[in-house]
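The values are calculated or read from the model by the stated rules, or taken from the named source; none is laboratory data. Computed from a predicted structure; not experimentally measured. Methodologically, a virtual Cβ is constructed for each residue, glycine included, from the backbone with ideal geometry; neighbour enumeration extends over all protein chains shown.
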Amino acid sequence: MLRGRLGLETARIPHADRHGLLWLSRGALTVRDGTLRFERQAGPDADSSMEEGEYGIPFQTLSMILLGPGSTVSHDALRLMARHGTALVAVGEDGVRCYTAPPLMPDTSEIARKQMRAWADADGSRITIARKMYALRLGEVLPHQGIEALRGIEGARMRRTYQTLAQRYGIQWQRRRYDRNDPMWADIPNQAINHASVAVTSAAVIAVTAVGAIPQLGFIHEHSGEAFALDVADLFRDTILLPAAFKSARAVMDNPTLDVERHTRRTTGEMLRTERVISKMIDRIKAIFDDVAVPDEEETPPLTPWDGQDEEEE
């Protein structure tokens, strides 16, 4: 009844023809007269990216709406977006946290199938994808084939990167140290790196969700439930994560009244927004799997129907 009332039974636009992501915060997302509406509310901490007022949201031309702090969403809005395959993701300010991302995306499984095919080929495509990701980070294709050798090279270069950034921001750098059981034990620069890492990884989770990839299937990271998101986040470790962390650490060391987590989160979030990092992450995910072939649907052998009868035991 609701679909007929709104007259939207056949209103479908492929995600390839949509405009990507829309960021909304500090307002109410509702449906009025069959149209998705966002009522922007003014507040003392509201940014100037959107003026106070009511906006019509062209949800059918969007792949995902990122709903930030200070916002509410109605059941009718959720139903309307689900009907048209427009995902809603609850995020922190500037995408530095990803709280929930329902699996409504996208209208094709191509990237997920490419990822699965490459990941399952442990001796071939999986290492090829890992090498491609290292090449994106390091600016060159490394000749080494083994993942441990690649990790060793990357680790050595990261140590030099730490030293370079520490010198740039006037920080006395010891080494990378992190105790999961006592994260506050680390010094200010290491704490800032931890907080920036959480923020960039959250942005990567949003990008992975947007393209319909499988977050658990990583090519460099392996055991985490968000292993592939960690892989994607590392692509921006040198250019976003570490500069934001060392910049924040310097600010906190100059002004001890600043909270290192809050300051690092805001600094990283500003860089994520101004550098359009999530959009770049989406593009890189697609580029990573460009050369992975997947069989056409007509080439996939059909499943044998089950007749409901169990085979007799011998």
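Of note:
- Enumeration of residues in the range 71-91 that are in a helix (DSSP H, G or I), among the small types (G, A, S) and in contact with a Phe, Trp or Tyr (Cβ under 9 Å, 6 or more places away or on another chain): A77
- From the list I214, I193, I206, I171, the one residue that fits, being under 23 Å from M271 (Cβ atoms) and outside any helix (DSSP H, G or I), is I171.
- Top-ranked residue of the range 233-271 - restricted to ones that are touching a Phe, Trp or Tyr at 6+ places or on another chain (Cβ under 8 Å) and of a type in the set (K, R), ranked as nearest to M281 (Cα to Cα): K247
- Qualifying residue in the range 208-217 (condition: crowded, with 18+ Cβ neighbours inside 10 Å, more than 30 Å from R113 (Cα to Cα), in contact (Cβ under 8 Å) with a residue 24 or more places away in the chain and out of contact with any Pro (no Cβ under 6 Å at 6 or more places or on another chain)): no
- Residues being of a type in the set (F, W, Y) and closer than 17 Å to R276 by Cα - total across the range 220-246: 1
- Restricting the first member to the range 74-96 and to residues that are under 22 Å from A203 (Cα atoms), and the second to residues that are of a type in the set (D, E) and part of a helix (DSSP H, G or I), the beta-carbon pairs closer than 7 Å and six or more apart or on different chains are D94/E270.
Residue-by-condition table, conditions (1) surrounded by 10 or more Cβ atoms within 10 Å (Cβ to Cβ); (2) part of a loop (DSSP other than H, G, I, E, B); (3) in contact with a strand residue (DSSP E or B) (Cβ under 8 Å, 6 or more places away or on another chain):
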{"position": "D123", "(1), (2), (3)": "no, yes, no"}
{"position": "L136", "(1), (2), (3)": "yes, no, no"}
{"position": "E148", "(1), (2), (3)": "no, no, no"}
{"position": "E154", "(1), (2), (3)": "yes, no, no"}
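- Neighbours by Cβ (under 9 Å, 6+ apart or cross-chain): first from the range 172-201, more than 20 Å from K247 (Cβ to Cβ); second assigned to a helix (DSSP H, G or I) and at pLDDT below 85: D179/W185
- The set of residues from the range 151-171 being touching a residue at least 60 places away in the same chain (Cβ under 8 Å) and either touching an Asp or Glu at 6+ places or on another chain (Cβ under 7 Å) or not basic (K, R) (or both) comprises M158, T161, Y162, L165, A166, Y169, G170, I171.
- Per the listing Q60, Q41, the residue uniquely at pLDDT below 85 and under 21 Å from A210 (Cβ atoms) is Q60.
- Selected residue (only one of L24, L29, L67 is under 26 Å from T209 (Cα atoms), buried (at least 17 other Cβ atoms within 10 Å of the Cβ), touching a Gly at 6+ places or on another chain (Cβ under 8 Å) and at pLDDT 85 or above): L24
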